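The values are calculated or read from the model by the stated rules, or taken from the named source; none is laboratory data. For clarity, every value in this text was computed on a predicted model and none was experimentally measured. Heads up, the Cβs are rebuilt from the backbone with ideal geometry, glycines too, and the neighbour counts pull from every protein chain shown.
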Amino acid sequence: MRPILNALFDTSSFNSQFDRERARVIYGISTIILVVYSVYVIINTLQAQSWMSLQSIGRSILWTFALPGFYVVAALTFAALRRGRLRLAEIGPVVMWFIGGLLVGWNSVYRDPSGGMTLVFFVLLAGLMLRERGVVIGLLVALGSWLSSLYFRTGGLTLPYGGPEEMFSILFLLLGVASITYLFLRYASISRTEGAKTISIERLRLAELTSQIAQRISHRMPLRDVLTNAVEQIRAEFPGIYHAQIFLVDEPKQNARLVASTGEVGRLLIERQHSLPVGSVSVIGQVTASRRMVIARAGSADSLHRRNEFLPDTVVEAAFPLRIGDTIIGALDLQSRDMDVFNEDDAPVFQSLADHIAIAIDNARLFEEGEQRLLENQQLVEQTQRAAEEVERLNQQLTRRFWDDYLSQQSSATALTVDFDALRTTLDAPWTEALAEAAQSNRSVQHQQDGARVVAVPLRVRGQVVGAMEFELDADGQFAPEDLNLIQEVGERLGLAAENIRLFETSQNIAQREALVNEIATRLQASNSVEMALNAAARSLKETVKASRVAIRLGTPTARSAQVMQDEQP
């Protein structure tokens, strides 16, 4: 039955719910008028002997035109409704009643009570369809119809019955009904306008509060602070909301966990790690699963609201999804003791607030992730610096040890003093005071000695001092800072050259040892017996290390041999 009614009274061409409801009212009124008029026609047709007798009942040619005209207007009204022409369809019921009611009664001069009610109902219907202007038009049409009927049927403005009292009664009835209807519609229009203004002001205030809350939570701050500030500000700014909380969906997308809640109750719920499964039969479960807001009233059997022992005063619960693009990250849950706090018109404002909170949560997460990455990068930099310092320290230690070993193995002079005035060169001269100070302090030194200026700079390799270099200059001569820089640079280059020479000599020694080892290995491989191999090894060691005695044993010592060795030890 319902599909048939939806097909007959189609309202799909209207965009707003208000227009659809008004179209249904016009459908209903038009259908009632159509049925009543059709029944009236059928009854009068059955009572008449012929179509001509039916005309005699009406005693006017208007009856002939009223019958088809009525159904034409009805068809046009239904067609206008199906096409979404609401303003045009509003005129249809008024014209239908005019044709079906006023013209039929016009012949009888509206002499009985039903005729007067026809005029009154016409004024009321015109006001209902066309509002204030409809009352005026309906009154004028009703008066015109009544007076013209009176004039043409009596031959003037005199009544064959009732006297002037009846005439004035009908006139006052029409004027009274029209006035009351007009004032009622005017009052309803003013109330509707004031109500709309009040709603607009309330929505504007709601939007301003939402904007203020969104602005406060948009600053960069840790996620916990964002969540706490959001719920506390919502409860403070919206008196109708006595409890606010935020749920976030976990990584597996299976549960919505409570992460922020107001008051002592909220603290207890968070301590209990309160959570709800995504998709469960609950407000939060449905919001996180369906990605649509849910407004649930308490007390209804089919309501999604589930009573919470900590929040027994909740009358209505509204939850709005926290969305980042197409992803649901959680839900904003608001609870109130007032049944009328949340409605469909205010829902977009609260959803906008939920969207701002979602963005703030996402920004806070990005901020924390950025801070974490920055901390990790700083730790990596510090670890790298410590590793580099450790490598540098080890390099310096190795460089120091390599140079100590290198200098201890040198048979030639590792020191030089040249006196260009006396044309004298001295090898293996002792360390002077300036040289020792420069080497020990690892910095340049300048002394005045015997009327001369002595400048000493350290020789460094990878930051490690491997020697020092001293210059004796004329005390009266010019010695600019750039000259000292030049001497220091020469010292650096000299240290680098000495290191290269050391590395070259070390490489040569390694190559010589490798060649010697290869030569000994070749001799050993040429032996045909163990005895020959042992003799070859002993002779090679004698030649290589200048050993005066070489002893080689194969196998492991026995217990007796070990005892003999202990006895032979002093």
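Per-structure values
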| quantity | calculated |
| --- | --- |
| Failed condition for THR432, given (1) more than 60 Å from the chain's Cα centre (by Cα); (2) touching a residue at least 12 places away in the same chain (Cβ under 8 Å); (3) within 27 Å of LEU503 (Cβ to Cβ) | (3) |
| From the options GLU470, GLU437, residue that is in contact with a helix residue (DSSP H, G or I) (Cβ under 9 Å, 6 or more places away or on another chain) and of a type in the set (D, E, K, R) | GLU470 |
| Flag for LEU353 being of a type in the set (A, V, I, L, M) and surrounded by 16 or more Cβ atoms within 10 Å (Cβ to Cβ) | yes |
| Qualifying positions in region 239-290 - in contact (Cβ under 8 Å) with a residue 60 or more places away in the chain, under 22 Å from VAL341 (Cα atoms) and hydrophobic (A, V, I, L, M, F, W, C) | ILE241, ALA244, ILE246, PHE247 |
| Hits in region 336-373 (condition: more than 28 Å from ARG307 (Cα to Cα) and in contact with a strand residue (DSSP E or B) (Cβ under 6 Å, 6 or more places away or on another chain)) | ASP362 |
| Some residue of region 98-107 being buried (at least 17 other Cβ atoms within 10 Å of the Cβ) and modelled with pLDDT of 75 or more | yes |
| Residues (of a type in the set (D, E, K, R) and under 9 Å from ARG460 (Cα atoms)) located in region 480-492 | GLU492 |
| Restricting region 238-251 to residues that are over 18 Å from the mean Cα position of the chain (by Cα) and surrounded by fewer than 17 Cβ atoms within 10 Å (Cβ to Cβ), the residue that is nearest to GLN335 (Cα to Cα) | GLY240 |
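Okay, residues lined up against (1) out of contact with any His (no Cβ under 8 Å at 6 or more places or on another chain); (2) surrounded by 11 or more Cβ atoms within 10 Å (Cβ to Cβ); (3) closer than 30 Å to LEU394 by Cα:
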site	(1), (2), (3)
ASP419	yes, no, no
ALA422	yes, no, no
ALA438	yes, yes, yes
HIS447	yes, yes, no
VAL461	yes, yes, yes
GLY467	yes, yes, yes
ASP474	yes, no, no
LEU486	yes, yes, yes
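Here's the yes/no breakdown for (1) of a type in the set (Lys, Arg); (2) at pLDDT 80 or above:
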| position | (1), (2) |
| --- | --- |
| GLU389 | no, yes |
| SER408 | no, no |
| SER411 | no, no |
| ARG460 | yes, yes |
